[in-house]
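Report on the following structure.
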Amino acid sequence: MNDEAYNECKFCLRKYYELLDNSVHNILSREEKYVLTYDILDTEKLKTNKLIALKERQRQMKIGEIWQEVLGNYKGCINLKTGHETGLDILSHNRKFAIELKNRTNTDNASSKKSNLDKLAKFKLANPEYVCIYANINADTEKKTLKGSITKLLHNNVEIEHQIGYKFIKFILGDDTDAIIDFVKITIDKYT
């Protein structure tokens with residue numbers, strides 16, 4: 001069953017959990033290449049530190065993929081995956097929103113953030129009835145993440161919401177938020 005057909009049928013939390021379990025397993029079991037960039041000043045200690053940093057970046061990227069699966073496959077949402085014509089991550093036709101999703105507030109540099117806001121603004125101009133959201137799962141501190149925030153940005157004369165943290169997750173997952181977060185944590189631990 002494709003993602004759109006899955007989301008169009010009556011939402012079932014049990015089936016959603018089965019889908020998430022499979023997705024998390026596939027993401028976490030995917031092998032990574034540990035190719036370090038060469039530097040003429042490399043020492044064994046520096047190479048070890050670079051390998052640790054590389055593994056952490058790869059882990060963070062996988063967590064970002066997991067979040068896209070968690071949110072993009074939830075009730076009424078479509079996980080647009082890589083290569084969608086909009087370049088965005090998540091869409092909901094019945095709730096009328098489009099999302100560009102980032103795991104952390106520091107994920108995008110200035111030019112990447114501008115590019116992502118450009119995509120949202122373009123979508124909003126073509127679909128004015130939709131709310132366009134630039135979303136960050138995690139802020140720079142635990143306190144800010146748990147508090148969450150929703151602000152409005154004006155980009156290319158188009159209003160875009162910037163949602164961060166728990167408020168954003170709750171906006172998508174509603175009353176299921178805490179149960180789903182717990183399920184995903186347990187599932188990540190199961191496969192790591």
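Descriptive notes on the structure:
- Single condition residue 154 does not satisfy, out of (1) assigned to a helix (DSSP H, G or I); (2) farther than 19 Å from residue 106 by Cβ: (1)
- Criterion (free of Cβ contacts under 8 Å to residues at least 12 places away in the same chain, polar (S, T, N, Q) and assigned to a helix (DSSP H, G or I)) met by exactly one of 187, 177: 177
- Selection count where residues are free of Cβ contacts under 8 Å to residues at least 24 places away in the same chain and of a type in the set (D, E, K, R), scope region 123-151: 4
- With respect to the stated conditions, residue 109 is among the polar types (S, T, N, Q) and out of contact with any helix residue (DSSP H, G or I) (no Cβ under 9 Å at 6 or more places or on another chain).
- Residue within region 104-119 that is touching a Gly at 6+ places or on another chain (Cβ under 6 Å) and either within 22 Å of residue 85 (Cβ to Cβ) or not small (Gly, Ala, Ser) (or both) present: yes
- The residues on offer are 180, 150, and the sole one that is β-branched (Val, Ile, Thr), within 20 Å of residue 69 (Cα to Cα) and out of contact with any Phe, Trp or Tyr (no Cβ under 6 Å at 6 or more places or on another chain) is 180.
- Against the conditions (1) surrounded by 13 or more Cβ atoms within 10 Å (Cβ to Cβ); (2) farther than 22 Å from residue 150 by Cα; (3) at pLDDT 95 or above, residue 87 satisfies every one except (3).
- Which numbered condition residue 168 fails, given (1) touching a residue at least 24 places away in the same chain (Cβ under 8 Å); (2) farther than 28 Å from residue 14 by Cβ; (3) part of a helix (DSSP H, G or I): (2)
- Those residues of region 140-192 which are within 20 Å of residue 60 (Cβ to Cβ) and touching a His at 6+ places or on another chain (Cβ under 6 Å), in sequence order: 191
- Residue satisfying condition, being modelled with pLDDT under 95, in a helix (DSSP H, G or I) and not hydrophobic (A, V, I, L, M, F, W, C), within set 122, 81, 113: 113
- When residues of region 14-38 are limited to those that are more than 21 Å from the chain's Cα centre (by Cα) and farther than 20 Å from residue 72 by Cβ, the one surrounded by the most Cβ atoms within 10 Å (Cβ to Cβ): 36
- When residues of region 64-89 are limited to those that are aliphatic (A, V, I, L, M) and without any contact (Cβ under 8 Å) to a residue 60 or more places away in the chain, the one farthest from residue 11 (Cα to Cα): 88
- For region 169-185, the candidate set comprises residues that are farther than 20 Å from residue 101 by Cβ and surrounded by fewer than 11 Cβ atoms within 10 Å (Cβ to Cβ); within that set, the residue that is nearest to the chain's Cα centre (by Cα) is 182.
- Region 96-112 - residue that is more than 13 Å from the chain's Cα centre (by Cα) and closer than 22 Å to residue 78 by Cα and, of those, surrounded by the most Cβ atoms within 10 Å (Cβ to Cβ): 97
The values are calculated or read from the model by the stated rules, or taken from the named source; none is laboratory data. Bear in mind that the values here come from a model prediction, so they are computed numbers and not experimental data. A quick note on method: Cβ atoms are made from the backbone with ideal geometry, for glycine too, and the neighbour counts reach across all protein chains shown.
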